[in-house]
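Taking it in order: structure first as structure tokens, then the write-up.
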Amino acid sequence: MPRRKREKIALKKTETSRRTRRSSFELRRIRGMKDILPEDMSYWDWVISKAECLALAYGFKKIETPILELASLFTRSLGKGSDVVEKEMFVFTEKGGEEVALRPEGTAPLVRVYIEHGFLNRPQPVKLYYFGPFFRHDRPQAGRFRQFHQFGLETIGEASPMAEAELIFLSFILFKELGLDVSIQINSIGCPDCRSSYIKVLKEYYSSRKKYLCETCKKRWSKNPLRLLDCKETDCRELSLDAPHIIDHLDEECRKHFTKVLEYLDEAEVPYTLNPRIVRGLDYYNRTCFEIWPSDEETSSQNALGGGGRYDYLIKELGGRETPAVGLALGLERIIILLKEKNIKPPVDSRPLIFVAQLGESAKKKSLRLYERLRKEGFRLAQAFTKDSLKNQLSLADKLEARFTLILGQKEVLDKTILLRDMENGSQEVIDFNKIVSEIKKRLEKKNNNQF
Ligand code: AMP
């Protein structure tokens, strides 16, 4: 083969391999995972800070646990037959050979902490709250992501029905403060004893109707019959309407406990709906179960903003002593979606009070120290010190809706003065550089506008 032809072929091969290499690179997010952009952060900060303030006021302490846990922690606690374990866990074998999982929920890790760190020896109950990302490999759709964030509360070491009433009350208050109308759906699934007698009745009800059930529910009939009640398929939903109610099968103790929870809620003026189909999907729940739905949302738990319940047997199941407990988790993404749908905006407190503008090299040099002096005074500030054009800086100050702009130019530096521009009426005044703080405070007092 002639040399030129050989070279041409070699060149073509290199190009093809370069192209292949390039095409194997794809710049995109993983399905079901979302970026939280700066413009959305005010929603996140608002909801989280409100939730944290409430949690702290009611004696909950913040806790953080790792995102990775041994997969067996969740298999053991949530149950092999739960959707989360069966279909949705991100599980992989790490280099050491251990099977680990990206945490799909927050209760099991907190129970691990409770046992592993001997929290039993602390004053009971141990009240904890957490916030962070969770992972479920579900089919992404509106309000359902593969990485999502939960704010959770757990009261471990408390059998009193007041414990669940407190959690429900707190979530009700939180939604009220956010301006969202919610509906609390509540049920009791009793203890293992009353549940086993109920399950017999439930299976009997469904046995003659099995042919109308979806394929998943056909399997649930033998594996996890309680879940027949919260299936989202239309036929299954219709069948569940006439199914026997578990509260009619509660034993004396479970019935008393549930009545107390409802009494406490009544007394606290928390409206709720008794919903016999709230059973939650995980094995560890017993007695009180609840979900929080948007109030105008006819449909079920598909759009639930949160949910929780009692798990009095989980600590023992994971190797600790029998310890009563109750927990709640709220889904941040869904709350923020709903806030946006309802056109509820976080209170604007990000508007700068003062924009610091500079013109010329000597002013630019002084600007950082001036800015820091104002920051220490507690003023909310903004700047664009990398910009040279005053026009650009002033239009940014305008866009940010700054109340005042301080303009430091070459002349002002020499005169030890600064220009104070009132952005509301456009008036400008020359003031003594050393009296900036007192001059601004004076103007704020005059306008009775002390919001800095
Ligand atoms: P759960 O314990 O599964 O009911 O989860 C509690 C709350 O977390 C739900 O009510 C939702 O608000 C939220 N949540 C659960 N799974 C997801 C998901 N895949 N995507 C978004 N939010 C979720």
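What follows draws every value from the coordinates through simple rules; no lab data is involved. All values reported here derive from a predicted model rather than from experimental measurement. Here the Cβ positions follow ideal geometry from the backbone for every residue, glycine too, while neighbour counts run over all protein chains shown.
For a Förster distance of 56 Å, can you work out the FRET efficiency between the beta-carbons of Glu401 and Leu120, rounded to the nearest 0.05? Before the final figure, lay out the partial values.
Working: r = 54 Å, r/R0 = 0.96.
Efficiency at R0 = 56 Å is approximately 0.55.
Using the Karplus relation 6.51 cos²θ - 1.76 cosθ + 1.60 with θ = phi - 60°, the per-residue 3J(HN,Hα) values for region 323-331 come to 9, x, 7, 8, x, 8, 9, 10, x Hz, with x marking Gly and Pro. Summing Cβ point charges (Lys, Arg +1; Asp, Glu -1) relative to the Cα centre of the chain gives a dipole of roughly 3260 debye.
Assigning unit charges at the beta carbon (Lys, Arg +1; Asp, Glu -1) and nothing else, what dipole magnitude in debye, to the nearest 20, does region 317-395 show about its Cα centre?
On the way: 16 positive and 9 negative charges, 127 e Å.
Using Cβ point charges on Lys, Arg, Asp and Glu, region 317-395 gives about 600 debye.
With the contact rule set at Cα under 8 Å and sequence spacing of 6 or more, what percent relative contact order holds for region 381-430?
Numbers: 45 pairs, mean separation 12.6, N = 50.
RCO, region 381-430: 25 percent.
The angle separating the long axis of helix 252-267 from the principal Cα axis of greatest extent in the chain is about 30 degrees.
Ranking Pro244, His257, Ala268 by how far each Cα lies toward the positive end of the dipole of region 229-304 (charges on Cβ) leaves His257 at the top.
Distant-in-sequence amide contacts of Asn286, defined by a placed amide H-H separation under 5 Å and a gap of 5 or more residues or a different chain, comprise Arg310, Tyr311, Asp312. Annotation: Cα Rg of the chain relative to the compact-globule expectation 2.2 N^0.38 Å equals 1.33.
The calculated FRET efficiency for Lys219 paired with Ser24, based on their beta-carbon distance and R0 = 30 Å, is about 0.15.
Selection among Gly360, Gly307, Phe290 by position relative to the dipole of region 275-411 gives Gly360 as farthest towards the positive end (Cβ unit charges, Cα centre).
For region 62-125, the set of GluC sites (Glu not before Pro) satisfying both a DSSP loop assignment and a count of at most 11 other C-beta atoms within 10 Å is given as Glu64, Glu94. Using the Karplus relation 6.51 cos²θ - 1.76 cosθ + 1.60 with θ = phi - 60°, the per-residue 3J(HN,Hα) values for region 374-390 come to 5, 4, 4, 6, x, 6, 7, 10, 8, 7, 8, 5, 7, 7, 9, 7, 5 Hz, with x marking Gly and Pro.
Given a Förster distance of 45 Å, report the FRET efficiency between Ile199 and Asp266 from their Cβ-Cβ distance, rounded to the nearest 0.05. That pair, Ile199 with Asp266, gives E of 0.90.
If I take every Cα pair under 8 Å that is 6 or more residues apart in the chain, average their sequence separation and divide by the length, what percent do I get for the relative contact order? Could you put the intermediate results ahead of the total?
Numbers: 698 pairs, mean separation 61.6, N = 452.
Here the relative contact order equals 14 percent.
For region 58-163, the residue among Phe148, Thr107, Leu120 whose Cα projects farthest onto the positive side of the dipole built from Cβ charges is Phe148. Other residues within the sphere of radius under 9 Å centred on the Cβ of Asp312, judged by their own Cβ, net out at +2 (K and R +1, D and E -1).
Ranked highest first by average number of other Cβ atoms within 10 Å, how do 400-413, 130-143 line up? Intermediate results must be reported in sequence, preceding the final value.
Details: 400-413: 19.8, 130-143: 15.8.
Highest to lowest by the protection proxy: 400-413, 130-143.
Between Ser160 and Ser207, the simple spin-label model (points 7 angstrom out along Cα→Cβ) gives 4.5 nm. Using bins of 10 Å that start at zero, the share of Cα-Cα pairs per bin across region 332-452 amounts to 13, 42, 26, 12, 6, 1, in whole %.
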